[in-house]
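Below: the structure, in structure tokens.
Every read-out reported here was derived from the displayed coordinates using simple, explicitly stated rules and does not represent laboratory data. Just so we're clear, the structure is a prediction, and the values are computed from it rather than from any experiment. Cβ: placed from backbone, ideal geometry, glycine included. Neighbour counts: every protein chain shown.
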Amino acid sequence: MARSRHNLRSSIMVVVMLLLITSTWLWSSQSPPGAYAISCGTNCENVTNTPTVTTMLNGSDQTLSYTLAFSLNNTAGLGWNVTITSTQFTTGTTPTRTLPTNISAITGVTAVCSAGQTCTTMPTNTVVYPVSVPAGNPAPTPIKFYNAASATGVGTFDISTATNVTIPANAYAGTYKSTITLAYVSGP
């Protein structure tokens, strides 16, 4: 379930990501979870999609890509950043299977002014990619993956992250889930 907390310094949004791995001898199907986005007011972010990827195991490492999209509203020119953390990809069945904690990386981020909104200044991002997405159970300390320098990033923006997930060749077939947590933090 997603939770959102608003205060002067940060806003947190949680998304459940579904990863379906299949082999030629097993097919698992499950409805993807919904994005539990709660409308935010000012100085916050709001996730606008639920990432889902699917692959067929073939005995080789495979890199899958997904986009995590969110809108972000900022009214102050003090700068801001967005952080990310996640839980480890885990199956919900017995025996429980997991994927390594180092399989996800953000490879790039784009931001555009949201349709119908006024953006005073576009964000000036100084983060260098790729950025490894931390994962564990429980989720580890979040890391910064996008920022707006002071005096930039004022307005409402649609932000998209390009993210890769590398599935190891020895992965077990199954439906794996991970919870991604984003936080909007005041200050670059």
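Subtracting the Cα-Cα distance from 0.36 nm times the residue separation, let me have the gained length for residue 162 to residue 94 in nm, one decimal. Show your work: numbers first, answer last.
Values: separation 68, 0.36 × 68 = 24.48 nm, distance 3.19 nm.
Between residue 162 and residue 94, full extension yields 21.3 nm more.
Under 8 Å for C-alpha pairs, at least 6 residues apart: give me the relative contact order for segment 54-186, rounded to a whole percent.
Working: 322 pairs, mean separation 60.7, N = 133.
Dividing the mean separation by the residue count of segment 54-186 yields 46 percent.
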Distance in nm between label sites at residue 75 and residue 110, each 7 Å beyond Cα in the beta-carbon direction? 3.0 nm
Describe numerically, in nm with one decimal, the distance between label points set 7 Å from Cα along Cα→Cβ at residue 170 and at residue 63. 2.2 nm
Output row, site residue 52, 7 Å Cα→C-beta label point, backbone N cut-off 17 Å, window segment 141-179, residues 174-179
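Show me 55-61, 76-82 ranked by packing, highest mean number of other Cβ atoms within 10 Å first.
On the way: 55-61: 12.3, 76-82: 19.6.
Order by mean packing, descending: 76-82, 55-61.
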Pop a pseudo-label 7 angstrom from the Cα along the beta-carbon direction at both residue 121 and residue 151 and give the gap in nm to one decimal. 0.6 nm
